[in-house]
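Undergrad: Sending over a structure as structure tokens; questions will come in a sec.
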Amino acid sequence: MGGCTAGDDLPLPAACLQGEEALEEALAGAPDPVRLPGGTPVSTCVELASSTADLQNVGVLVVGVAEDLEEKAADGDEAAATRLGYLVGAVQRGAERTNGTQLELAFRLSRVAGALGDPSPAITGALNDGIAAGEETG
């Protein structure tokens with residue numbers, strides 16, 4: 001039992017694969033706790049994506065949303081920066097509860113967030129607030 005992760009025998013909730021629109025709608029409430037339809041946290045999607053197919057599907061979904069949010073944040077949208085940060089933090093939270101495979105997804109998302117270049121202090125603050133909230137409740 002010592003080497004098992006929580007996701008070894010649990011199926012990926014259907015809410016994790018409902019598409020970018022569902023994830024974007026859920027993230028609209030960030031930095032408050034974000035839940036996908038059915039109450040599923042984003043971190044649970046990452047944690048339970050134990051098969052290659054599930055991890056790829058979840059990864060494509062979260063990276064697509066993150067890239068959209070990054071573009072908006074780069075244009076000065078503080079709410080988008082908060083949502084991007086929340087997504088990064090929630091993915092990190094889920095990846096930390098695994099055997100390590102999902103850490104590559106967390107790394108990829110942190111690179112998307114890092115592509116903001118030289119953001120304003122307001123955007124940086126919103127991004128950091130979102131990351132902290134995502135790590136705590138994501």
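Undergrad: What is the extension gain from residue 10 to residue 101, computed as 0.36 nm multiplied by their sequence separation minus the C-alpha to C-alpha distance, in nm to one decimal?
TA: Working: separation 91, 0.36 × 91 = 32.76 nm, distance 1.63 nm.
Full-extension gain reported as 31.1 nm.
Undergrad: Something else now. Just want the ordering: 43, 120, 50, 110, from fewest to most Cβ atoms lying within 10 Å of their own Cβ. Working shown, then result.
TA: Working: 43 23, 120 12, 50 19, 110 16.
By the 10 Å Cβ count, ascending: 120, 110, 50, 43.
Undergrad: So what's the back-of-envelope 222 nm ellipticity for the chain, counting only DSSP H runs of four-plus at -39500 (n - 2.57) apiece and dividing by all residues, rounded to 500?
TA: Numbers: 6 runs with 86 residues, N = 138.
Computed ellipticity for the chain at 222 nm equals -20000 deg cm²/dmol.
Undergrad: Here is a further query. Test of understanding: in a Gaussian network model of the chain with alpha carbons linked when under 10 Å, which of 100, 64, 85 would top the mean-square fluctuation ranking?
TA: With Cα springs under 10 Å in the chain, the top fluctuation among 100, 64, 85 is at 100.
Undergrad: With springs only between Cα atoms under 10 Å apart, run a GNM on the chain and tell me which of 28, 73, 81 wobbles the most.
TA: 28
Bear in mind that the values in this text are calculations on the coordinates, not laboratory data. The model shown is predicted, which means the values in this text are computed figures rather than measured ones. When we count neighbours, we look across all protein chains shown, and the Cβ atoms used for this are built from the backbone with ideal geometry, even at glycine.
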